[in-house]
Amino acid sequence: MSAFNRFLLFLLLISVHAFSQKEQKAAFQIVPLGVKGGIDEKNLSAYLIAPINTKDYICLDAGTVNSGIEKAIENKVFKVSTTEVLRKYIKGYLISHAHLDHVSGLIINSPADSSKTVYATNKCMEMMENHYFNDQTWANFGDKGVGFPLKKYHFQTLTVGEETPINNTSMTVKAFTLSHVNPFESTAFLIKNGNDYALYLGDTGPDAVEKSDKLKTLWTAVSPLIKNKQLKGIFIEVSFPNEQPDQFLFGHLTPNHLMKELHALEDLAGKDSLKGFKVIITHLKPPTKNIVKIKEQIKNQNDLGLKIIYPEQGKRFEL
């Protein structure tokens, strides 16, 4: 090989490396405020997500808020008070469904919170207005609904499939319907910042058990983003080990069902498209022996080469 050709090869290798580095650059920062399903009221589903190197967080579900912020401060993720994180860093809430383990932190912390927007699809918003912020169960901190609206929160109903700006951030969101014990609905949120995306799923059962096509529809929508390496990761629940019978899943996933669904996604996105792809496992339900079993089963069934992440309360990571 001539010196000139070696020089060209060197330039090519440098370019490939630079492109690879650019591909791997983080787009989002995540701070889990709560990671479990089930009985631990100090550690229930809630994830802060913001564009990298900003403080413009949106909270994906809000089962636990205050305790999660305190844990993040202990871990030196935040260097300000709990009140300042709540009031200034959290710009709003995206609520997947109105079960208490996904909204109790929002409700309890509402008196201490600042004005911001709560986003949810129509059915979820109706439940929150009628059953929680109704001047009986809790004061109506919203700007509509029953009772006397205190207008601290702006309740914004999301139209499924429509891209909506997230106030006071550079992000947008698109909602997709999930089945969580058909016909009860949950929601997936596709978060966009620039050309980068993150996908968060609320509680969901597998299509086969739910007799639904909600996950197939979602996978069809996001598969081009995986092909183009624009989707940085998927937050998806696994609540029970494989031993849980289908009739007692209650709208949740097991490792078996998770892998079947992700294989369906790979079929749409292309062979080996999920190799090294980040999948963040949420909503692990106690007892501890079940959580250990779930992790072992996912490890043993990970034939797609996924990068599995188990988020820890109050510990920041990047996508």
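Scanning region 72-98 for residues that are hydrophobic (A, V, I, L, M, F, W, C), under 18 Å from Pro165 (Cα atoms) and touching a helix residue (DSSP H, G or I) at 6+ places or on another chain (Cβ under 8 Å) yields a count of 1. Sub-6 Å Cβ pairs linking a first residue in region 65-86 that is touching a residue at least 12 places away in the same chain (Cβ under 8 Å) to a second residue that is of a type in the set (Lys, Arg), at least 6 apart or interchain, are Ser67/Lys42; Asn75/Lys315; Val77/Arg316, ordered by first then second residue.
Of all the numbered requirements in (1) out of contact with any Leu (no Cβ under 7 Å at 6 or more places or on another chain); (2) under 18 Å from Phe250 (Cβ atoms); (3) among the hydroxyl-bearing types (Ser, Thr, Tyr), Thr187 misses one, and that requirement is (1).
Out of Ser104, Ser110, one residue alone is modelled with pLDDT of 95 or more, closer than 18 Å to Ile69 by Cβ, surrounded by 17 or more Cβ atoms within 10 Å (Cβ to Cβ) and in contact with an Asp or Glu (Cβ under 8 Å, 6 or more places away or on another chain). It is Ser104. Looking only at residues in region 159-179 that are buried (at least 19 other Cβ atoms within 10 Å of the Cβ) and over 18 Å from Ile234 (Cα atoms), the one that is nearest to the chain's Cα centre (by Cα) is Ile166. Every condition in (1) surrounded by fewer than 16 Cβ atoms within 10 Å (Cβ to Cβ); (2) in contact (Cβ under 8 Å) with a residue 60 or more places away in the chain; (3) touching a His at 6+ places or on another chain (Cβ under 8 Å) is met by Gly194 except one, and the failing one is (3). Of all residues in region 128-149, those satisfying the criterion of being surrounded by fewer than 16 Cβ atoms within 10 Å (Cβ to Cβ) and over 19 Å from Glu41 (Cα atoms) are Asn130, His131, Asp135, Gln136, Lys144, Val146, Gly147, Phe148. Here region 299-309 is the region considered, the condition is being under 19 Å from the mean Cα position of the chain (by Cα) and touching a residue at least 40 places away in the same chain (Cβ under 8 Å), and the residue that is nearest to Tyr200 (Cα to Cα) is Ile309. Of Ile58, Ile69, all but one fail to be under 18 Å from Ile166 (Cα atoms), buried (at least 24 other Cβ atoms within 10 Å of the Cβ) and out of contact with any Pro (no Cβ under 9 Å at 6 or more places or on another chain); the exception is Ile58. If you go through region 208-256 and keep only what is among the basic types (Lys, Arg) and under 15 Å from the mean Cα position of the chain (by Cα), you end up with just Lys232.
If you go through region 186-207 and keep only what is among the charged types (D, E, K, R), over 13 Å from Ala221 (Cβ atoms), under 16 Å from the mean Cα position of the chain (by Cα) and not in a loop (DSSP other than H, G, I, E, B), you end up with just Asp196. Does Glu162 fit the bill of being touching a residue at least 60 places away in the same chain (Cβ under 8 Å) and on the phi < 0 side of the Ramachandran plot? Considered against the rule, which asks whether it is touching a residue at least 60 places away in the same chain (Cβ under 8 Å) and on the phi < 0 side of the Ramachandran plot, Glu162 comes out as no.
The values are calculated or read from the model by the stated rules, or taken from the named source; none is laboratory data. The shown structure was predicted, so the numbers you read here are calculated from the model rather than taken from an experiment. FYI the Cβ positions are ideal-geometry reconstructions off the backbone, even for glycines, and counts take in every protein chain you see.
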